[in-house]
1. So, restricting to strands (runs of 3 or more DSSP E) that lie completely within the stretch A:37-115, which ones have at least 2 residues that are aliphatic (A, V, I, L, M)?
2. Would you tally the residues in the stretch B:40-56 being open to solvent by 40 Å² or more (accessible area, probe 1.4 Å), touching a residue at least 12 places away in the same chain (Cβ under 8 Å) and not in a strand (DSSP E or B)?
3. Here is a check on your reading of the model: is B:THR101 open to solvent by 20 Å² or more (accessible area, probe 1.4 Å), among the β-branched types (Val, Ile, Thr) and either part of a loop (DSSP other than H, G, I, E, B) or on the phi > 0 side of the Ramachandran plot (or both)?
4. Taking the stretch A:1-49 as the region of interest, how many residues are among the hydroxyl-bearing types (Ser, Thr, Tyr), facing chain B (nearest Cβ under 10 Å) and either loosely packed, with under 12 Cβ neighbours inside 10 Å or touching a residue at least 40 places away in the same chain (Cβ under 8 Å) (or both)?
5. Any residue that is within 30 Å of A:HIS7 (Cα to Cα) and among the acidic types (Asp, Glu) - is there at least one of those in the stretch B:32-48?
6. Just to check your reading of the model, which residue among B:GLU15, B:GLU5 is surrounded by fewer than 14 Cβ atoms within 10 Å (Cβ to Cβ) and in contact (Cβ under 8 Å) with a residue 60 or more places away in the chain?
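The values are calculated or read from the model by the stated rules, or taken from the named source; none is laboratory data. If you're wondering where the values come from, they're calculated on a predicted model, not measured in any experiment. Cβ placement follows ideal geometry from the backbone for every residue including glycine, while neighbour counts extend to all protein chains displayed. With ligands, DNA and RNA removed, areas are computed over all heavy atoms of the protein, side chains included. Shrake-Rupley method; radii C 1.70, N 1.55, O 1.52, S 1.80 Å.
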Amino acid sequence: GAVVSQHPSWVICKSGTSVKIECRSLDFQATTMFWYRQFPKQSLMLMATSNEGSKATYEQGVEKDKFLINHASLTLSTLTVTSAHPEDSSFYICSAEDVLAFEAFFGQGTRLTVV
Amino acid sequence: TQLLEQSPQFLSIQEGENLTVYCNSSSVFSSLQWYRQEPGEGPVLLVTVVTGGEVKKLKRLTFQFGDARKDSSLHITAAQPGDTGLYLCAFAGGTSYGKLTFGQGTILTVHP
């Protein structure tokens, strides 16, 4: 199947700093990507839809100024967690939509720990 | 309110046992998807069920979509420790394949 690469796999940052997570579709173009958050032993919750060349669409309750999304090319979306706090510690997972395969493929996730 | 009610949330069984995970809703879906996720990784699609009453088999896994397309089940026969993981049902919203709403998930542990 198609490959979606997420980087980094894990990151530890200090409270108040910003962290950027990258999501790349390696063998297909993705005009639409998605960002999810997952807390321990819980399910995935959609945070936002990342649209190439336009603004992201955020789910209710997700602060767009805190979780900045940029989708500047057909293979790359980035999520920047600004002014991170310990409560932002979570597993962040992206997916990329492959319209030719009628399927979205997930990255391997990024474990963010804010200390 | 959860659109997809998944049960049980936790399942701990011995190797060789059978198990069933349920995904229920009051809504009708054009399709439902089942994923398996291992710790520290992203979910991997197991199957998509589309037709009411449909049964799909993937080795020891059997997936069923309810006749009314409101519910689905995953049955595992003779579970193995390698089946351990988080099982998730999900549906795609609107015309997008990737905008997924997930059930709460079932954490399955299979003991040798």
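1. Values: elements: A:44-51, A:67-73, A:76-81, A:90-98, A:103-106, A:110-114.
In the stretch A:37-115, A:44-51, A:67-73, A:76-81, A:90-98, A:110-114 are the strands (runs of 3 or more DSSP E) which contain 2 or more residues that are aliphatic (A, V, I, L, M).
2. Matching residues across the stretch B:40-56 total 2.
3. Values: open to solvent by 20 Å² or more (accessible area, probe 1.4 Å): yes; among the β-branched types (Val, Ile, Thr): yes; either part of a loop (DSSP other than H, G, I, E, B) or on the phi > 0 side of the Ramachandran plot (or both): no.
Here the answer is no, as B:THR101 does not meet what is asked.
4. Filtering the stretch A:1-49 down to residues among the hydroxyl-bearing types (Ser, Thr, Tyr) leaves A:5, A:9, A:15, A:17-18, A:25, A:31-32, A:36, A:43, A:49.
In the following step, the residues that additionally are facing chain B (nearest Cβ under 10 Å) were identified as A:9, A:32, A:36, A:43, A:49.
After this cut, where a residue has to be either loosely packed, with under 12 Cβ neighbours inside 10 Å or touching a residue at least 40 places away in the same chain (Cβ under 8 Å) (or both) as well, the list is A:9, A:32, A:36.
Summing the residues that are among the hydroxyl-bearing types (Ser, Thr, Tyr), facing chain B (nearest Cβ under 10 Å) and either loosely packed, with under 12 Cβ neighbours inside 10 Å or touching a residue at least 40 places away in the same chain (Cβ under 8 Å) (or both) in the stretch A:1-49 gives 3.
5. Keep residues of the stretch B:32-48 that are within 30 Å of A:HIS7 (Cα to Cα), which gives B:32-48.
Retained after the next criterion (residues that are among the acidic types (Asp, Glu)): B:38, B:41.
Taking every residue of the stretch B:32-48 in turn, at least one turns out to be within 30 Å of A:HIS7 (Cα to Cα) and among the acidic types (Asp, Glu).
6. Details: B:GLU5 fails: surrounded by fewer than 14 Cβ atoms within 10 Å (Cβ to Cβ).
Just one listed residue meets the conditions, B:GLU15.
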